[in-house]
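Since the structure comes first, as structure tokens, the remarks are kept for the end.
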Amino acid sequence: MTAVRLLSTTVATPVEGTQPVRQPRTFPRLFGSLLLVVAAGISTVGAVPAGAEPAPAVRPLGRIVPAPASVQPGGAPYTLTPWTRIRVDDHSREARQIGTYLARILRPSTGYALPVTDDHLPGGIRLRLSPRDQGLGEEGYRLESTRGSLTLTAHKPAGLFHAVQTLRQLLPASVEKDSRQQVPWKVAGGTITDTPRYAYRGAMLDVSRHFFTVDQVKRYIDQLALYKINKLHLHLSDDQGWRIAIDSWPRLATYGGSTQVGGGRGGHYTRKDYQEILGHAASRYLEVVPEIDMPGHTNAALASYAELNCSGIAPPLYTGTDVGFSSLCVPKPVTYDFVDDVVRELAALTPGRYLHIGGDEAHSTSHADYVAFMDKVQPIVAKYGKTVVGWHQLTGATPAKGALAQYWGLDGTSDAEKAQVARAARNGTGLILSPADRVYLDMKYNKDTPLGLDWAGFVEVRRSYDWDPATYLPGAPGSAVAGVEAPLWSETISTSDHIEFMAFPRLPGVAELGWSPASTHDWEAYKVRLAAQGPRMAALGIDFYRSPQVPWPSA
Ligand code: TNX
């Protein structure tokens, strides 16, 4: 599609009638507003090729990822100045914390003082929690940008936090830099009203195959928050490493966590480390979903305690990448003492609702044993007040009431397996969708990608974005879908650079599938919004994959 066709179509479509473009005094502003309508995905028209767009003085309102539910551009932009104050509700500690978080993002690049205050004066950047705005729900927000003030309103603190992420993306990308930049700090005029499509918008990090430090996890959390991801699923145990200290079974971490794929030193989180991760996640409004994978993927535990093995003999630690060779001993009573202790300690440490019990690739466990194991283990999770999450093989047993099944199949998954998951969904099991050939962040982008695996095929950026969670699994009702999650398995991933190269830019697309209304779904519009993330990711030091499918700006 050519730019000419795009722009003329845009001008002729319902844009003028439906979008309150107030006081378009100059052509550039009108032009910018129209572009934004395309970018926000409100128009079904295609994208502006990268080279065709004159650099707007102000970024179009709504050119963000995930696409907002509603964008009404108009009016004069808001401008940050050396005198700007961040005004928060005087009665809310969380609003103040979010204001301080915003100030810390804005101060280095603007060089402005940006004091956070609860004075009642007009103007400035205002963070308001509004009991009356129940329609904004747990995570929604409204952002109103006018010449005189920029107001963020939410019903709950999480909504205010998401509003701050939107504000970041409305400012020039260089706002993310850590040194002073001389650019005008303007936010286009208008109103964004935004609520998420799904309550579960996750990312998983496998800290077992390779261990990642607390600081590495925190860095990823910060990146996830920018795209309004609200769940961090930590894959804390597998054949190659047990990564969380359990006081009642100390060798799990000290011995079972002492190596990793390739034979490196591994590591584990002490209770304090884990609490630091939880605290950081909470400050970014992410809920941590801890996973202890069982009954398979348990070599690290079996190596640490001989009594967990049916043979009574502990196998050696494992540093390869095979799967499916280990199993807890289903008939032994001690297995359930072990599970009870682990779940009890982990549940007590974790404030979130969920506890993930794995359940995938239990190839060394008979079907009868698998079902028996899940029948015993799910009530333990409930006993300690948590909701079960399991990989979708759990639907081959009897999922507990309220459990969520995480679907990781692919186009080639057998119809019988898909039907089993769909049947469970019709019977009340919620679904987290993580189709491997769409959102497994460890899949290579193409044959030349130096990292990652390819068992689910190559997954380019468009492929990871261009599907609909509500209609994805045949026979599963859209209402069963709790949300989406992008797992990052770490057989080949061992540094933050690796994480970032594989996650970006696919992760923002998954985040958009989870957040944005289906009506905004449009690859041609999305790729333009994603392209605008390029300079932002670069400013944040994220070495992302420059997919040829995305019209990245040349500068
Ligand atoms: C499948 S997905 C696995 C993991 C591997 C991953 C590699 C799932 C529940 N199990 O054990 O790490 O593939 O892509």
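Points worth noting:
- Here the condition is being closer than 18 Å to Glu361 by Cβ and within 14 Å of the ligand (Cβ to nearest atom); of Val323, Val330, it holds for Val323 alone.
- Scope segment 186-229; condition part of a loop (DSSP other than H, G, I, E, B), under 21 Å from Glu139 (Cβ atoms) and open to solvent by less than 10 Å² (accessible area, probe 1.4 Å); matching residues: Tyr227, Lys228, Ile229
- Of all residues making up segment 238-253, the number that are out of contact with any strand residue (DSSP E or B) (no Cβ under 8 Å at 6 or more places or on another chain) and either closer than 16 Å to Phe338 by Cβ or touching a residue at least 60 places away in the same chain (Cβ under 8 Å) (or both): 9
- Residues of segment 450-492 satisfying the condition of being more than 15 Å from Leu507 (Cα to Cα), in contact with a helix residue (DSSP H, G or I) (Cβ under 9 Å, 6 or more places away or on another chain) and among the acidic types (Asp, Glu): Asp468, Glu491
- Top-ranked residue in segment 382-392 [being under 24 Å from Glu417 (Cβ atoms) and of a type outside the set (Gly, Ala, Ser); ranked as farthest from the ligand (Cβ to nearest atom)]: Thr387
- Residue selected from segment 420-455 under the condition within 11 Å of the ligand (Cβ to nearest atom) and farther than 21 Å from Trp467 by Cα, by the criterion surrounded by the fewest Cβ atoms within 10 Å (Cβ to Cβ): Leu453
- In segment 364-385, the residues that are β-branched (Val, Ile, Thr) and crowded, with 20+ Cβ neighbours inside 10 Å: Thr365, Val377, Ile380, Val381
- Residue that is aliphatic (A, V, I, L, M), over 29 Å from Ser366 (Cα atoms) and open to solvent by 10 Å² or more (accessible area, probe 1.4 Å), where the choices are Ala282, Ala314, Ala306: Ala282
- Segment 126-143, residues that are of a type in the set (A, V, I, L, M, F, W, C) and assigned to a strand (DSSP E or B): Leu127, Leu129, Leu143
- Asp411 being away from the ligand (no atom under 16 Å from the Cβ) and of a type outside the set (Val, Ile, Thr): no
- Positions within segment 456-467 being open to solvent by less than 10 Å² (accessible area, probe 1.4 Å) and either assigned to a loop (DSSP other than H, G, I, E, B) or at positive phi (or both), in sequence order: Val459
- Residue that is nearest to the ligand (Cβ to nearest atom), among those in segment 345-370 that are more than 24 Å from the chain's Cα centre (by Cα) and in a loop (DSSP other than H, G, I, E, B): Glu361
- Residue in segment 320-343 that is closer than 26 Å to Ile277 by Cα, open to solvent by 20 Å² or more (accessible area, probe 1.4 Å) and in a loop (DSSP other than H, G, I, E, B) present: no
- Just one of the listed residues (Pro535, Pro508) is open to solvent by 10 Å² or more (accessible area, probe 1.4 Å) and of a type outside the set (A, V, I, L, M), and it is Pro535.
- Qualifying positions in segment 223-255 - touching a helix residue (DSSP H, G or I) at 6+ places or on another chain (Cβ under 8 Å), within 21 Å of Phe161 (Cα to Cα) and not hydroxyl-bearing (Ser, Thr, Tyr): Gln223, Leu224, Ala225, Leu226, Lys228, Ile229, Asn230, Leu232
- When segment 468-493 is limited to residues that are part of a loop (DSSP other than H, G, I, E, B) and acidic (Asp, Glu), the one that is nearest to the ligand (Cβ to nearest atom) turns out to be Glu491.
- Condition met for Arg463 (in contact with a Ser or Thr (Cβ under 7 Å, 6 or more places away or on another chain), within 16 Å of the ligand (Cβ to nearest atom), charged (D, E, K, R) and in contact (Cβ under 8 Å) with a residue 12 or more places away in the chain): no
The values are calculated or read from the model by the stated rules, or taken from the named source; none is laboratory data. All figures in this text were calculated on a predicted structure; none of them were measured in a lab. With ideal geometry, Cβ positions are generated from the backbone for all residues, glycine too; neighbour counts draw on all protein chains shown. Side chains included, ligands, DNA and RNA excluded: accessible areas come from the protein's heavy atoms. Shrake-Rupley method; radii C 1.70, N 1.55, O 1.52, S 1.80 Å.
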